[in-house]
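The values are calculated or read from the model by the stated rules, or taken from the named source; none is laboratory data. None of these values were measured; they are calculated from a predicted model. So basically every Cβ, Gly included, is an ideal-geometry build from the backbone, and we count neighbours across all protein chains shown.
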Amino acid sequence: MRCKLFSQLLLTALVFVLPVVAQQPQPTTTPQQDEEIMTRGAFLTTRTKTGNKEAAKASGGAGAAVTTPETANAPAVAANNPPKNSKKIVAKSSGNTRAKKPNARNEGDAKDGKVVAEVKPPGGGRTPGEVESKLRPLGLGYTFFTLGDNGLAVRTDSSRQFRTGEAIRVALETNTDGYLYIFHTENDGAPSMIFPDTRLNGGGNFVRAHVPYEIPSSEEATEEMRWFVFKDPPAAERLYIVLARQPLAGVPTGEALANYCFDAQHTCPWQPAAAAWTELKAAQEREQVAVSKVNDQGRARTADEREATSRGLGLGAGAPTPSVIRLTASPNAKMLVTAIDLIHK
């Protein structure tokens, strides 16, 4: 009798309680979190499903070779070496670098930051990656590393405050083939182009989708040159990273940049004219961009990441993702401009 009464009471309780539980709000993601998840997924979906070694084997090792008009005869690893021209945050900066004058005749000349000949493929056809890159929005992933207590490169938050003497390095990954440029400003002053650099890959700046590039390079001969080092006096440092589908008109690369730096009347790093710089910054403000961030500070760089960077291999689906991913809302965007503030106090 007691058992039967207990069963009836339990049934009655379930009848009344279950509808109340069903009405309780269930844990869910916010619209912002949903957007971040979609952004990250859209960026990573174009990574190869195989690992670095398998992908390189399947492509005959093409992942390490970048064949463009600017890089056809250059070593693949050279594309990942760092520029050393940043005024304050780059170790052993050089404000008056001279490049070896090329033997071949240059198609254009850069003078005082004005328009130079635009790099085009032989025969006037499409540049490498142009067809592929038009099929999807432009995406840039970046991760900042610092030197950990154990001597290894570990991830750090680029928005934190840095102290004099601290060292950082940035790893870049794009979701499409394109052309990469990096400018540096200090206290919102005149910009200097620290990538491309005449000493790196002949001044070429063509990049492959999902092939990581680190600046400065961990492959440098000395430890000091493998990092950006914050030096006194403290200043408001800012990096502008530009990913473009086509070479930027008016910005010298390859032989044009080499000839500019070789000319005794000029000083490298190259600086854009004020009007061109204003236009570039305006492009950043016009484009709608989705952003996805992950909290991965303190995570050491993996062996796969090191191999992909040093050998010019595409990252596989299982490789760690960038700390920050930025993706244009429109697949028709011609460029993606990313401004990163580095707080040095």
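Across region 189-216, the number of residues qualifying as within 22 Å of Arg245 (Cα to Cα), of a type in the set (A, V, I, L, M, F, W, C) and in a loop (DSSP other than H, G, I, E, B) comes to 3.
Can you name every residue in region 160-169 that is among the basic types (Lys, Arg) and either closer than 10 Å to Ser323 by Cβ or within 21 Å of the chain's Cα centre (by Cα) (or both)? Passing the criteria: Arg160, Arg169.
Scanning region 316-334 for residues that are among the aliphatic types (A, V, I, L, M) and either farther than 27 Å from Arg160 by Cα or more than 17 Å from the chain's Cα centre (by Cα) (or both) yields Ala317, Ala329, Ala333. Looking only at residues in region 274-305 that are of a type in the set (Lys, Arg) and under 26 Å from Met193 (Cα atoms), the one that is nearest to the chain's Cα centre (by Cα) is Lys281. Filtering Asp188, Asp157, Asp149, Asp177 for residues that are free of Cβ contacts under 8 Å to residues at least 12 places away in the same chain and either surrounded by fewer than 22 Cβ atoms within 10 Å (Cβ to Cβ) or within 14 Å of the chain's Cα centre (by Cα) (or both) leaves a single hit, Asp149.
Screening the candidates Arg311, Arg299 for the property of being at pLDDT 90 or above, surrounded by 14 or more Cβ atoms within 10 Å (Cβ to Cβ), under 21 Å from Gln161 (Cα atoms) and not β-branched (Val, Ile, Thr) yields one hit, Arg299.
Taking the criterion of being closer than 19 Å to Thr185 by Cα, modelled with pLDDT of 95 or more and in contact with a Gly (Cβ under 7 Å, 6 or more places away or on another chain), would at least one residue in region 247-267 satisfy it? No; the residues of region 247-267 include none that is closer than 19 Å to Thr185 by Cα, modelled with pLDDT of 95 or more and in contact with a Gly (Cβ under 7 Å, 6 or more places away or on another chain).
Just one of the listed residues (Glu219, Glu224) is closer than 21 Å to Thr143 by Cα, at pLDDT below 95 and assigned to a helix (DSSP H, G or I), and it is Glu224. Would a scan of region 222-237 turn up a residue that is within 22 Å of Thr174 (Cβ to Cβ) and out of contact with any strand residue (DSSP E or B) (no Cβ under 8 Å at 6 or more places or on another chain)? No, the conditions are met nowhere in region 222-237. Restricting region 298-317 to residues that are of a type outside the set (D, E, K, R) and touching a Ser or Thr at 6+ places or on another chain (Cβ under 9 Å), the residue that is farthest from Tyr181 (Cα to Cα) is Gly298.
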